[in-house]
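The values are calculated or read from the model by the stated rules, or taken from the named source; none is laboratory data. Computed from a predicted structure; not experimentally measured. Reconstructed Cβ throughout: ideal geometry from the backbone, glycine too, with neighbour counts over all protein chains shown. SASA here: full protein model, heavy atoms, side chains in, ligands and nucleic acids out. Shrake-Rupley method; radii C 1.70, N 1.55, O 1.52, S 1.80 Å.
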Amino acid sequence: NASADISVFPNPSNGALNIQWKNQQVGETTVVISDVTGREAYRSVFTMNAAMGTFSADLKGLNDGVYLIAITSGSVNYSGKLLIQN
């Protein structure tokens, strides 16, 4: 399961979020963070350019609360919950 090698931290987050991966295929990856009503609050596209790496997202513009995070690429289909506490 490729999603088992995805870490999202810190959670809860104060607006700085790191996405770390290992053992993934190189390729374009999309990160979407939505509020609980499904409204998109953040989107970014980056390239997983190594078998291991980290992407940093700046979520300081988001209000406190629970969000859903989805990370997708050719080999990854990760979803989880994220708590923002500024």
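If I filter the stretch 15-34 down to residues being in contact with a Ser or Thr (Cβ under 6 Å, 6 or more places away or on another chain) and open to solvent by 90 Å² or more (accessible area, probe 1.4 Å), which single residue comes out as farthest from ILE71 (Cα to Cα)?
Looking at the filtered set, the residue picked out is GLN25.
Can you pull out every residue in the stretch 50-69 that is of a type outside the set (Ser, Thr, Tyr), within 12 Å of TRP21 (Cα to Cα) and loosely packed, with under 15 Cβ neighbours inside 10 Å?
Taking the stretch 50-69 and keeping what is of a type outside the set (Ser, Thr, Tyr), we get 50-53, 55, 57-66, 68-69.
Still in the running and within 12 Å of TRP21 (Cα to Cα): 50-53, 55.
Hits for the stretch 50-69 are ALA50, ALA51, MET52.
Any idea which residue in the stretch 17-27 is nearest to ASN63 (Cα to Cα), counting only those that are part of a strand (DSSP E or B) and modelled with pLDDT under 95?
We begin by selecting, within the stretch 17-27, every residue part of a strand (DSSP E or B); these are 17-22, 27.
Applying the additional criterion that residues be modelled with pLDDT under 95 yields 21-22, 27.
Values: TRP21: 26, LYS22: 30, GLY27: 31 Å.
Taking the candidates together, the pick is TRP21.
Report, by residue number, each residue of the stretch 39-71 that is modelled with pLDDT of 95 or more, among the small types (Gly, Ala, Ser) and either at positive phi or in a loop (DSSP other than H, G, I, E, B) (or both).
GLY65
Output the number of residues of the stretch 75-86 satisfying the condition of being in a loop (DSSP other than H, G, I, E, B) and either more than 18 Å from ASP5 (Cβ to Cβ) or open to solvent by less than 30 Å² (accessible area, probe 1.4 Å) (or both). Quick ask: steps written out before the conclusion?
Here is the first cut: in the stretch 75-86, the residues in a loop (DSSP other than H, G, I, E, B) are 75-76, 85-86.
From what's left, either more than 18 Å from ASP5 (Cβ to Cβ) or open to solvent by less than 30 Å² (accessible area, probe 1.4 Å) (or both): 76, 85-86.
Count: 3.
Looking only at the stretch 1-16, filter to residues that are over 20 Å from ASN63 (Cβ atoms) and of a type in the set (A, V, I, L, M); which one of those is modelled with the lowest pLDDT? Before the answer, list the steps.
Residues of the stretch 1-16 that are over 20 Å from ASN63 (Cβ atoms), as a first pass: 1-7, 9.
Keeping just the survivors that are of a type in the set (A, V, I, L, M) gives 2, 4, 6.
Details: ALA2: 57, ALA4: 68, ILE6: 94.
Looking at residues that are over 20 Å from ASN63 (Cβ atoms) and of a type in the set (A, V, I, L, M), I get ALA2.
Among the candidates THR47, THR72, THR37, which residue alone is within 15 Å of ILE19 (Cβ to Cβ), loosely packed, with under 15 Cβ neighbours inside 10 Å and not basic (Lys, Arg)?
Numbers: THR72 fails: loosely packed, with under 15 Cβ neighbours inside 10 Å; THR37 fails: within 15 Å of ILE19 (Cβ to Cβ).
It is THR47.
Looking at (1) over 13 Å from the mean Cα position of the chain (by Cα); (2) farther than 16 Å from GLN85 by Cβ, which is the only condition LEU62 fails?
Among (1) over 13 Å from the mean Cα position of the chain (by Cα); (2) farther than 16 Å from GLN85 by Cβ, LEU62 violates only (2).
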